[in-house]
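**Q** Mind having a look at this structure? Questions to follow.
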Amino acid sequence: MWEHERLVVRTGRRSGLTTMVAVHSTEAGPAVGGCRMKAYGHITDAVTDVLRLSKAMTLKCAAAGIPHGGAKSVIVAGRELTPDLRRAVLLDHAELIDEFGGAYRAGPDVGTGPDDMAVFRELTPYAYCLPEAQGGTGSSSGPTARGVLAALRAASRHTFGTDDLTGRKVVISGFGSVGELIAKGIEGADITVSDVDESRRTDEYGWVHPDEAYEVEADVLVPAAVGGVLSPETVRRLGVKLIVGPANNQLTDDGVADLLAERGIVWVPDHVASAGGVIYTLAREDDGADHEAALKRVDGIEKTVERLLGVEA
């Protein structure tokens, strides 16, 4: 069933690469969502991804009480991107964003960052998170991680009776910028990390191969990489009590949530746990809030999770 307001798929006139924007909803306000740049096995995989991610953004904004709808965009990196080709496809994508007239407003996502948003701004005003030196808020990794930690505190009180994770085992699947910040923010826990990039391996934490991360016996699992990691088969192998993480679209289908509940595994929906970045960015760039005030809004995720799980501090 078609749920989206608009999907545009286009071949860029400069780059010859495919770019696309999916707007799920503008009912609550202009749609916001990051621009993802990656290779896909087939164009239909990219379309499926952008549709699922845009719907998740609508849920994220609604759960956070943000007056925006959800959207997402994708640049299909079908071949190696030289600096010139990368700039060309970013400009192609900026033109596409601008055609939405503000109904879609982009930010960084997997494969893009503040410098790419600055390229977008050359052709459209509808881009967030420019480098701080250019007046933007820069990377949203810090606020995203802070929001996950806020969700983790509330969920830990519900699951373990305390938000003190000292001595408990935590597995973080995906040790990029957000995953690393989450690890640094959990005090006293026995932390094991995993990433497809072996160069991220560190002596500071335990290490497990990505294929084994969802089979480790632990108290908490933090999905912090790609989505679609919680399938019926995976759930049957899980050895954890609590799942809280920033990876988008963690479930392969909605029925997996019921399977988690049947196994007694507490799962905080990713569109709640991962909302810190968008909450912070919009507070700063749309509402004019200062850094501390914006972080206070991010910390409100803790109260949201308390309400979801029926627990009070």
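**Q** For the condition part of a loop (DSSP other than H, G, I, E, B) and β-branched (V, I, T), what is the one hit in V32, V110?
**A** Working: V32 fails: part of a loop (DSSP other than H, G, I, E, B).
Result of the check over V32, V110: V110.
**Q** When you check V9 against the structure, is it in a helix (DSSP H, G or I), in contact with a strand residue (DSSP E or B) (Cβ under 6 Å, 6 or more places away or on another chain) and of a type in the set (V, I, T), yes or no?
**A** Numbers: in a helix (DSSP H, G or I): no; in contact with a strand residue (DSSP E or B) (Cβ under 6 Å, 6 or more places away or on another chain): yes; of a type in the set (V, I, T): yes.
It is false that V9 is in a helix (DSSP H, G or I), in contact with a strand residue (DSSP E or B) (Cβ under 6 Å, 6 or more places away or on another chain) and of a type in the set (V, I, T).
**Q** Output the number of residues of the stretch 104-116 satisfying the condition of being free of Cβ contacts under 8 Å to residues at least 40 places away in the same chain and touching a strand residue (DSSP E or B) at 6+ places or on another chain (Cβ under 6 Å). Steps first, please.
**A** Taking the stretch 104-116 as the starting set, the residues that turn out to be free of Cβ contacts under 8 Å to residues at least 40 places away in the same chain are 113-115.
From what is left, the residues that are touching a strand residue (DSSP E or B) at 6+ places or on another chain (Cβ under 6 Å) are none.
Total meeting the criteria: 0.
**Q** When the residues of the stretch 71-89 are narrowed to those that are part of a strand (DSSP E or B) and touching a Leu at 6+ places or on another chain (Cβ under 7 Å), which ends up nearest to V119 (Cα to Cα)?
**A** Of everything passing the filter in the stretch 71-89, I75 is nearest to V119 (Cα to Cα).
**Q** While we're on this one: Looking at E122 and the list (1) without any contact (Cβ under 8 Å) to a residue 40 or more places away in the chain; (2) in a helix (DSSP H, G or I), which single condition is not satisfied?
**A** (2)
**Q** Still on this model: With assigned to a helix (DSSP H, G or I) and of a type in the set (K, R) as the only criterion, which of R153, R105 stands out? I'd like the intermediate steps shown before the answer.
**A** Working: R105 fails: assigned to a helix (DSSP H, G or I).
Exactly one residue qualifies, and that residue is R153.
**Q** Is at least one residue of the stretch 197-217 modelled with pLDDT of 95 or more, under 27 Å from G113 (Cβ atoms), touching a Gly at 6+ places or on another chain (Cβ under 8 Å) and not small (G, A, S)?
**A** no
**Q** Identify, from the list E187, E204, the residue that is exposed (fewer than 15 other Cβ atoms within 10 Å of the Cβ), in contact with a Leu (Cβ under 8 Å, 6 or more places away or on another chain) and assigned to a loop (DSSP other than H, G, I, E, B). Let's see the steps before the verdict.
**A** Numbers: E204 fails: in contact with a Leu (Cβ under 8 Å, 6 or more places away or on another chain).
Result: E187 is the single residue among E187, E204 that is exposed (fewer than 15 other Cβ atoms within 10 Å of the Cβ), in contact with a Leu (Cβ under 8 Å, 6 or more places away or on another chain) and assigned to a loop (DSSP other than H, G, I, E, B).
**Q** Can you tell me how many residues within the stretch 273-283 are assigned to a helix (DSSP H, G or I) and in contact with a Gly (Cβ under 9 Å, 6 or more places away or on another chain)?
**A** Going through the stretch 273-283, the residues assigned to a helix (DSSP H, G or I) turn out to be 273, 276-283.
Checking the rest, the ones that are also in contact with a Gly (Cβ under 9 Å, 6 or more places away or on another chain) come to 273, 276-281.
Going through the stretch 273-283 one residue at a time, the tally reaches 7.
**Q** Being crowded, with 21+ Cβ neighbours inside 10 Å, assigned to a strand (DSSP E or B) and either charged (D, E, K, R) or out of contact with any helix residue (DSSP H, G or I) (no Cβ under 8 Å at 6 or more places or on another chain) (or both) is the requirement here; does V171 meet it? Break it down into steps so the answer makes sense when it comes.
**A** Values: crowded, with 21+ Cβ neighbours inside 10 Å: yes; assigned to a strand (DSSP E or B): yes; either charged (D, E, K, R) or out of contact with any helix residue (DSSP H, G or I) (no Cβ under 8 Å at 6 or more places or on another chain) (or both): yes.
Yes: the conditions hold for V171.
**Q** Please count how many residues of the stretch 202-226 are without any contact (Cβ under 8 Å) to a residue 12 or more places away in the chain and within 22 Å of the chain's Cα centre (by Cα).
**A** Looking only at that region, the number is 1.
**Q** Identify, from the list S25, S15, the residue that is in contact (Cβ under 8 Å) with a residue 60 or more places away in the chain, among the hydroxyl-bearing types (S, T, Y) and part of a loop (DSSP other than H, G, I, E, B).
**A** Working: S25 fails: in contact (Cβ under 8 Å) with a residue 60 or more places away in the chain.
It is S15.
**Q** Also: Suppose we filter A257, A213 for residues that are over 16 Å from T144 (Cα atoms) and touching a Phe, Trp or Tyr at 6+ places or on another chain (Cβ under 8 Å); which single one remains? So that I can check it myself, show each step before the final result.
**A** Details: A213 fails: touching a Phe, Trp or Tyr at 6+ places or on another chain (Cβ under 8 Å).
The match here is A257.
**Q** Kindly evaluate A289 against the criterion of being over 19 Å from C35 (Cα atoms), not in a helix (DSSP H, G or I) and not assigned by TED's automatic domain parsing to the domain that holds S173.
**A** Details: over 19 Å from C35 (Cα atoms): yes; not in a helix (DSSP H, G or I): yes; not assigned by TED's automatic domain parsing to the domain that holds S173: yes.
Criteria met by A289.
**Q** Further question on the same structure: Does any residue of the stretch 230-250 turn out to be crowded, with 23+ Cβ neighbours inside 10 Å and in a strand (DSSP E or B)?
**A** yes
The values are calculated or read from the model by the stated rules, or taken from the named source; none is laboratory data. Predicted model only: the values in this text are computed from it and were never measured. FYI the Cβ positions are ideal-geometry reconstructions off the backbone, even for glycines, and counts take in every protein chain you see.
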